[in-house]
Amino acid sequence: MIITTTPNIEGKTITQYKGLVAGETILGANFFKDIMASLTDVFGGRSNAYESSLREAREIAMKEMQDQALEMGANAIVGVDIDYETVGGSDKSMLMVSCSGTAVVVN
């Protein structure tokens, strides 16, 4: 399935609009990741633990969106938007990733 942030797909014609599809996921960051991220903040560098969580959350949300599109009979999703938010207070580290787009049939 073609998934793109653009409103159309070069070389393809949208023949049918199936509707809006969305995927959401919320992942909690565990205590170990929080400690490692704190060390990264102190010493500098990238937090591989959080980057891995971001990647995992995005993949789950995208898969959920793709599954909805397939159920609708679509073979592509256009106009995809991906949003990242933190959820909870200072004592809770939770990451929400949501994505949405338009399920279409292309030839």
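Return the residue satisfying two criteria in turn: it lies in region 50-101 and is outside any strand (DSSP E or B) and among the hydroxyl-bearing types (Ser, Thr, Tyr), and of such residues it is farthest from the chain's Cα centre (by Cα).
It comes out as SER90.
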(message) Filter region 56-76 down to the residues that are small (Gly, Ala, Ser) and more than 15 Å from TYR17 (Cβ to Cβ) and list them by number.
(response) ALA57, ALA61
(request) Tell me which residues, restricted to region 19-47, are over 21 Å from GLU85 (Cβ atoms) and either under 20 Å from the mean Cα position of the chain (by Cα) or at pLDDT 90 or above (or both). (result) GLY19
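The values are calculated or read from the model by the stated rules, or taken from the named source; none is laboratory data. Predicted model, so just to flag it, every value in this text is computed and none were measured. We place every Cβ from the backbone using ideal geometry, glycine too, and count neighbours over all the protein chains shown.
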